[in-house]
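Q: Questions regarding the structure given below will be posed in turn.
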Amino acid sequence: MRSVALWAKLEQIDGLRGTNDLSDWEQGFVVSVMRRYRQSGDRTSTLTDEQVTKIDEIWSRHFA
């Protein structure tokens with residue numbers, strides 16, 4: 001199994017915004033995480049462990 005970089009997962013998940021694939025909570029979560037990610041200069045190191053876990057869960061459900 002190949003490893004997918006966290007930033008790539010974020011970009012893929014961001015593409016799901018505005019669809020029925022994400023719950024309202026997940027939509028808000030993605031907006032918040034993407035804002036933080038982009039404000040940090042595209043550094044995923046600013047995300048918390050809990051945010052990374054949730055990103056992995058969402059990504060696995062749709063892309064794994």
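Q: Per residue, how much accessible area does the chain have with a 1.4 Å probe, in Å²? List each step's numbers first, then the result.
A: Numbers: 4270 Å² over 64 residues.
Ligands and nucleic acids excluded, the result is 67 Å² per residue.
Q: Treat each spin label as a single point 7 Å out from the Cα along the C-beta direction, and report the Arg43 to Ser23 distance in nm.
A: Each label point is offset 7 Å from its Cα along the Cβ direction, giving 3.2 nm.
Q: Dividing the alpha-carbon radius of gyration of the chain by 2.2 N^0.38 Å (N being the number of residues), what value is obtained? Spell out each step's value before the answer.
A: Details: Rg = 11.0 Å, N = 64, 2.2 N^0.38 = 10.7 Å.
In units of the 2.2 N^0.38 Å rule of thumb, it is 1.03.
Q: Hey, what number do you get for the chain at 222 nm if only DSSP H runs of n ≥ 4 count, each worth -39500 (n - 2.57), divided across all residues, to the nearest 500?
A: Numbers: 3 runs with 40 residues, N = 64.
So the helix-based figure for the chain works out to -20000 deg cm²/dmol.
Q: Could you pull the accessible area for Ser45 with a 1.4 Å probe, rounded to 10 Å²?
A: So the heavy atoms of Ser45 present about 100 Å² to solvent.
The values are calculated or read from the model by the stated rules, or taken from the named source; none is laboratory data. Please read these numbers as outputs of a predicted model, since none were measured by experiment. Cβ: placed from backbone, ideal geometry, glycine included. Neighbour counts: every protein chain shown. These accessible areas exclude ligands, DNA and RNA; they are computed on the full protein's heavy atoms, side chains included. Shrake-Rupley method; radii C 1.70, N 1.55, O 1.52, S 1.80 Å.
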